[in-house]
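Data block below; observations after.
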Amino acid sequence: NNLWRKYNIVRFSVGYRYTFILLLLFIGIRLLYIDFVPIWDAVSITRCTLAALKPQINLNQLNCHHLSIGYLSFLAMSQFIDSGNHQSLSLTLLLFGLLGLYSYYKIVIFQFGKKNENSTNSAKIPAAEIALIVALLAFNPLFFANSLAPSLDFGVTVFFLTALYSLMYGYTLQAVSAMTLMLFTKEPGMLLYLATLSGCLVVFRINRAKK
């Protein structure tokens, strides 16, 4: 009983079961497309990823028409053992999707605050509504479709959500790592980086003025 309380297993299972069920549903539906073959721009990105591993490792190939080594290096890892395996590539993209959803979930929790740390449902809004908010992203056609095949824009989105969540919770190293990967994924990452940096400076000035 003490072990369950220590790791907040009861609190998680009771208070956030809807979000957990949502993630399981996302995984289940997403696995139906595990044999999805990349098309359009995803074909070019996949070819660059595979070219970086054959005949020998060449990291320059991971810059596929963009400065994309930050994102494609993860995809290349999935092809290192079995090059050309679409299933392993699809599973890697699924993990990216889950990372994005988890980060978005943490942002929602932060935004709406907490009522009571000892409550099984500590968010100000019901757990079911939190799950619905996350579902808006999970089953957004653009987000879901981009989780099926390699997309640099999808990488930028996931890294940005991770960086934003990390900044909100004070995980500085994690935030810097996510923003660095975002910068080395596609050019729009630079705009998001500058916007985030500007926002941090504004928040810092406001907090300093209050003191």
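The values are calculated or read from the model by the stated rules, or taken from the named source; none is laboratory data. All of these numbers come straight from a predicted model, not from anything done at the bench. Neighbour counts are summed over all protein chains in view; Cβ atoms, including those assigned to glycine, are modelled from backbone coordinates with ideal geometry. Note: accessible area is taken over every heavy atom of the protein model, side chains too, but ligands, DNA and RNA are not part of it. Shrake-Rupley method; radii C 1.70, N 1.55, O 1.52, S 1.80 Å.
A few points about this structure:
A quick yes/no check of all residues on (1) part of a helix (DSSP H, G or I); (2) more than 22 Å from the chain's Cα centre (by Cα); (3) at pLDDT 75 or above:
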site: ASN60; (1), (2), (3): yes, yes, no
site: CYS64; (1), (2), (3): no, no, no
site: LEU72; (1), (2), (3): yes, no, yes
site: MET77; (1), (2), (3): yes, no, yes
site: SER83; (1), (2), (3): no, yes, no
site: GLN87; (1), (2), (3): yes, no, yes
site: LEU91; (1), (2), (3): yes, no, yes
site: TYR104; (1), (2), (3): yes, no, yes
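- Pair list, Cβ < 8 Å and 6+ apart or interchain, from the stretch 20-46 residues that are without any contact (Cβ under 8 Å) to a residue 12 or more places away in the chain to residues that are among the small types (Gly, Ala, Ser) and part of a helix (DSSP H, G or I): PHE20/SER13
- Pairs meeting the criteria (first residue in the stretch 185-211 and open to solvent by less than 70 Å² (accessible area, probe 1.4 Å), second residue charged (D, E, K, R), beta carbons under 8 Å, at least 6 apart or on different chains) are LYS186/ASP153; PRO188/ASP153.
- Taking the numbered list (1) loosely packed, with under 15 Cβ neighbours inside 10 Å; (2) out of contact with any Cys (no Cβ under 9 Å at 6 or more places or on another chain) in turn, HIS65 passes all entries but (2).
- Residues satisfying the stated conditions in the stretch 1-32, i.e. over 19 Å from the mean Cα position of the chain (by Cα) and at pLDDT 80 or above: ARG17, TYR18, LEU32
- Residues in the stretch 166-176 that are surrounded by fewer than 16 Cβ atoms within 10 Å (Cβ to Cβ), free of Cβ contacts under 8 Å to residues at least 24 places away in the same chain and in a helix (DSSP H, G or I): 4 in all.
- All positions within the stretch 106-133 that are under 16 Å from LEU164 (Cα atoms) and at pLDDT 80 or above: LYS106, ILE107, VAL108, ILE109, PHE110, GLN111
- Any chance LEU136 is at pLDDT 85 or above and surrounded by fewer than 18 Cβ atoms within 10 Å (Cβ to Cβ): yes
- Of the residues GLY170, GLY199, the single one that is out of contact with any helix residue (DSSP H, G or I) (no Cβ under 8 Å at 6 or more places or on another chain) and at positive phi is GLY170.
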